[in-house]
1. Give the accessible area for Phe46 in Å² (nearest 10); use a 1.4 Å probe, count only protein heavy atoms, and leave out ligands, DNA and RNA.
2. Count the net charge of all other residues whose Cβ sits under 9 Å from the Cβ of Thr155, scoring Lys and Arg as +1 and Asp and Glu as -1.
3. On a 32 Å Cα-Cα criterion, which of the cross-link pairs Lys102/Lys161; Lys102/Lys124; Lys97/Lys124 come out too long?
4. On full extension of the chain, what length is gained from Lys124 through Leu136, given 0.36 nm per residue of separation minus the C-alpha to C-alpha distance?
5. Leaving ligands, DNA and RNA out of it, rank Phe94, Phe162 by accessible area with a 1.4 Å probe, largest first.
6. Ignoring ligands, DNA and RNA, how do Lys89, Lys161, Lys124, Lys97 rank by accessible area with a 1.4 Å probe, largest first?
7. Tell me the label-point distance for the pair Asn44, Val98, using the 7 Å Cα-to-Cβ offset, in nm and rounded to one decimal.
8. So, R0 is 45 Å and r is the distance between the beta-carbons of Val110 and Ser158; what FRET efficiency does that work out to, to 0.05?
Amino acid sequence: MNKITFILFFISSCIVFSQEKRETNSFGVTDDVNILNTSQFYRNYFSEYHLNENWFFRMEMLERSNNNLLGGYTLIEHPLLVKYKISNKFSVLFGTKVDVLKTDGKIEDVSLYSTFGIQYDVSKSTLLEARFNYRLSNGSSIIPDYTFGTKTSFTVGSKIKF
């Protein structure tokens, strides 16, 4: 399992580094016009603190940057979650999440969410999770592409633990 984890980490690192060094000269674009030579990435970090046998406190930071012809933005999510371990494989997550929208290095908007989710530990170092998020703030201009203009979102993903 450690070999598979190392291979996945190595491949993802190579993809990130190759994306940062990508150059687009296929159409004879001069140096003063820079269309595709910007980094677009997604980062996710989390830390868990053991409270007792079944309860954990988790802090996360998720960041997604997007740059295109119309401009660029960075969406930073900060979930603060409590995790209750139901069994060795299943856990329930609940808590709050703060989203920060940055455009051109300036904070444009902040939104508050409540979140609820489940987690399945596939192995000691890999987990799958699904979450339901509900936006509590009304006047937010943060409308991520996966919400389709509503106050709710549902996310599914996997994580590797080190």
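The values are calculated or read from the model by the stated rules, or taken from the named source; none is laboratory data. Quantities reported herein were computed from a predicted structural model and do not represent experimental measurements. Note: ideal-geometry Cβ built from the backbone for every residue, glycine included; neighbour counts use all protein chains shown. Areas reflect the complete protein model, heavy atoms only, side chains present, ligands, DNA and RNA absent. Shrake-Rupley method; radii C 1.70, N 1.55, O 1.52, S 1.80 Å.
1. Accessible surface of Phe46 is approximately 50 Å².
2. On the way: positive: Arg131; negative: Glu129.
Combined, the nearby Lys, Arg, Asp and Glu give 0.
3. Lys102/Lys124, as the Cα separations exceed 32 Å there.
4. 0.9 nm is the gain from fully extending Lys124 to Leu136.
5. Values: Phe94 80, Phe162 195 Å².
My answer, sorted largest first, is Phe162, Phe94.
6. Lys124, Lys89, Lys161, Lys97
7. Result for the modelled spin labels: 2.2 nm.
8. Working: r = 28 Å, r/R0 = 0.62.
E(calc), rounded to 0.05, equals 0.95.
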